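Worksheet: one structure, shown below.
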Amino acid sequence: MTAAPSQLSRAHRRFLGLTAPLPAADEHSLSLQAIEFVPGSRRRFAEHLATAGAPRSGLLIGHRSVDRVHVQAILGRGYGWPTAQRLQVDAHYALGAVEAAQQLSGHPMDWVGTWCMPADGRARPAHTDRRIWHRARHLALVSEESVLVTIGHSPERLVLRAWIEEDGQPRALEVVWASAGGGS
């Protein structure tokens, strides 16, 4: 049997209105510097880009360690939202995803961020990402602890940018792709 996580997940706090003690001041004293994706993540993003035709978004499930978010699962956003509302999140889906990730991994997992892509799947300039970031911030989808990832493709490659909030402004994170042989 899996042990229950010691803290409530972000999804539980947000969608159920539950409160929990705040982490100790030194627990996350370092600001986030990087987001790391498990092996296979590029392929998962490419699969989403291959279904271009409508704007898409979804959940990033994982955990934080020191100054890095580790993404274990890249999911769609859930069910029941028109595509025009691409940054909306289905509460039941998010809660179930976090609970399933915790059960499967045996470790505390959380909704660590949100990803989105434009309808045509093409990479946008960074200033466009900043407009999306402001919309995500308005919806409380990005913060000092929660990452917004934008994806798109250019003729040569996958373009992925990760953002958090710092002093009310977007700040880019380093994107790290874990190797199949390890990673942190």
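The values are calculated or read from the model by the stated rules, or taken from the named source; none is laboratory data. If you're wondering where the values come from, they're calculated on a predicted model, not measured in any experiment. Every residue, glycine among them, receives a Cβ derived from its backbone with ideal geometry; neighbour counts consider all protein chains shown. These accessible areas exclude ligands, DNA and RNA; they are computed on the full protein's heavy atoms, side chains included. Shrake-Rupley method; radii C 1.70, N 1.55, O 1.52, S 1.80 Å.
For the pair R171 and A91 in one chain, pulling the backbone fully straight at 0.36 nm per residue adds 26.1 nm over the alpha carbon distance.
Here T19 sits with roughly 120 square angstrom of accessible surface, probe radius 1.4 Å.
If you take every residue apart from L158 with its C-beta less than 15 Å away from the C-beta of L158, what net charge results, scoring Lys and Arg +1 and Asp and Glu -1? Present the calculation step by step, with values, prior to reporting the outcome.
On the way: positive: R42, R43, R44, R56, R122, R124, R157, R161; negative: E47, D120, D129, E156.
Neighbour charge sum, excluding L158 itself: +4.
Computing FRET efficiency as 1/(1 + (r/R0)^6) for H107 and R43, where r is the C-beta to C-beta distance and R0 is 22 Å, gives about 0.40. FRET efficiency for the A54 to L30 pair, using the beta carbon distance and R₀ = 41 Å, is estimated at 0.60.
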